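Engineer: Starting off with a structure, shown below.
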Amino acid sequence: MSRALRAIWLAIGLTLVSPRAFAAEKPFTETAPGPEAWWLRTRYHPFGKEVRGIPVAKIRGNWCRANEFREELFPKKLAADFEGRKSPFASDGFFDGSRTPQTALVGAYESCAGKRGVFLLIVNRPAGKPPAVAFLEEISGEREFAAVETFKDGTIVMLHCLECDNATQFRWSRARKRFVRLPPSKDAD
């Protein structure tokens, strides 16, 4: 068989295989049917190799894939719940009181062993330097959800649903020189 004929057969073979390979990829979200809120029924299939310019393995050594939540990753039917709100997935500020701009964001990860979950990541964005991880909180589970809200006092709230008060709060501790989880509010149900 001539080289030209082999090249043609190879090109035909790659054309036939490629659609199958793409069809095997899962969408970012997979929502099971049911009466519960969609965020209780949704699994995430992260595919990203970096978040905000930081390689996934530098965020957490045992992660292989992670994606920051962005509205465009969600089907329009689900993303409709985000309309009219400020971004529920990322917020910029100076959360540790320094002059270094920071971004608090949430997303989904998958470990190299196949375990999934969601995360809150605070990224330092120093001028003229690459972004760096300032803080990471991960919650393992196949059907976890996360949104973020920030306040002027530096409090960062990781919301675990869109329409409830199930949340975890974090704030910079000057004494400990790190972000810490705040105790649940006494007036919370």
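Readers should treat all values here as calculations from the given coordinates under stated rules, not as data from a laboratory. Here the structure is a predicted model, which means the values were calculated and not measured. Glycine gets a Cβ as well: all are built from the backbone with ideal geometry, and neighbour counts include every protein chain shown.
Engineer: Can you pick out the pairs among 26/76; 58/115; 77/152 whose Cα atoms lie more than 20 Å from each other?
Structural biologist: As for pairs spanning more than 20 Å Cα to Cα, those are 77/152.
Engineer: Could you give me the radius of gyration and the Dmax of the range 138-189, taking only the C-alpha atoms into account and expressing both in angstrom?
Structural biologist: Here Rg and the maximum Cα pair distance are 12.1, 35 Å.
Engineer: I need the shape label for the range 77-189. Rule: rounded when a/c is under 1.5, else prolate if a/b > b/c, else oblate, with a, b, c from the alpha carbon gyration tensor.
Structural biologist: In terms of gyration-tensor shape, rounded.
Engineer: Still on this structure, I have one more. Hey, can you grab everything whose amide H is under 5 Å from the amide H of residue 182? Only 5+ residues off in sequence or another chain; H modelled, so Pro and N-termini drop out.
Structural biologist: Close amide H contacts, sequence-distant or interchain: 169, 170, 171.
Engineer: For a quick check: with amide H placed at 1.01 Å from N, whose amide H comes under 5 Å from residue 107's, ignoring anything fewer than 5 positions away on the same chain?
Structural biologist: When sequence neighbours closer than 5 places are left aside, the close amide H contacts are 69, 119.
Engineer: Name the long-range amide H neighbours of residue 89: under 5 Å, sequence gap of 5 or more, or other chain; modelled H, no Pro or chain starts.
Structural biologist: Long-range HN contacts for residue 89: 148.
Engineer: To make sure I understand, if each residue's beta carbon is the centre and we count other beta carbons within 10 Å, what order do 49, 129 fall in, fewest to most?
Structural biologist: Least crowded to most crowded, the residues run 129, 49.
Engineer: To continue, here is another question. With a cut-off of 8 Å between alpha carbons and a minimum separation of six or more residues, what is the relative contact order of the range 27-181 in percent?
Structural biologist: 19
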